[in-house]
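Q: Provided herewith is a single structure, encoded as structure tokens, for subsequent inquiry.
The values are calculated or read from the model by the stated rules, or taken from the named source; none is laboratory data. Here the structure is a predicted model, which is why all the values come from computation and not from measurement. Heads up, the Cβs are rebuilt from the backbone with ideal geometry, glycines too, and the neighbour counts pull from every protein chain shown.
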């Protein structure tokens, strides 16, 4: 289990030119170390395909697994399936263009200095995994709904109270009468 940010590095200087496959697995402590408070449990397989040449490296990431988050409706732990891809294009032995990132349609271009020997994929794995989660997280599309019934009933009670006509303060009515004079 690679749960530390430092563990998600590709030491590309050790790789020969050609294609290489690497596997990583991250859990909730990986997400916590990068500042996420949303993920309560995680089991994500990260498949990495590195296509290395003399000056370039194409890194294809595929994240598959389950991230457990809170339901936006009733706050129960909700396991969400993710399956997403991301691609990094890395320019090796860059002279003056170091540390400039360009993002375009799910592809990130990274320039590395000549003295660098490894590439961290922790941030792309973190961001892409979180972006794979749906914007609204609830169990509407699940067969078995794990909802907290007490919370749902409380929400329905609060919702029915808000549909009643709000009571108007008598002072406002008197002000309206003065306005009409």
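Q: List the pairs whose first member sits in the stretch 155-171 and is more than 21 Å from residue 72 (Cβ to Cβ), whose second member is part of a loop (DSSP other than H, G, I, E, B) and modelled with pLDDT of 75 or more, and whose Cβ atoms are under 9 Å apart, counting only residues at least 6 apart or on separate chains?
A: none
Q: Would you say residue 44 is crowded, with 17+ Cβ neighbours inside 10 Å, under 30 Å from residue 138 (Cα atoms), at pLDDT 90 or above and under 24 Å from the mean Cα position of the chain (by Cα)?
A: Against the criterion (crowded, with 17+ Cβ neighbours inside 10 Å, under 30 Å from residue 138 (Cα atoms), at pLDDT 90 or above and under 24 Å from the mean Cα position of the chain (by Cα)), residue 44 qualifies.
Q: Further, regarding this structure: Among the candidates 66, 89, which residue alone is out of contact with any helix residue (DSSP H, G or I) (no Cβ under 8 Å at 6 or more places or on another chain), at pLDDT 90 or above, under 29 Å from residue 139 (Cα atoms) and surrounded by fewer than 18 Cβ atoms within 10 Å (Cβ to Cβ)?
A: The conditions single out 66.
Q: Taking the stated definitions as given, is residue 23 farther than 15 Å from residue 125 by Cα and either assigned to a strand (DSSP E or B) or under 15 Å from the mean Cα position of the chain (by Cα) (or both)?
A: no
Q: Looking only at the stretch 109-131, how many residues end up being free of Cβ contacts under 8 Å to residues at least 60 places away in the same chain and over 11 Å from residue 88 (Cα atoms)?
A: Counting residues in the stretch 109-131 that are free of Cβ contacts under 8 Å to residues at least 60 places away in the same chain and over 11 Å from residue 88 (Cα atoms) gives 7.
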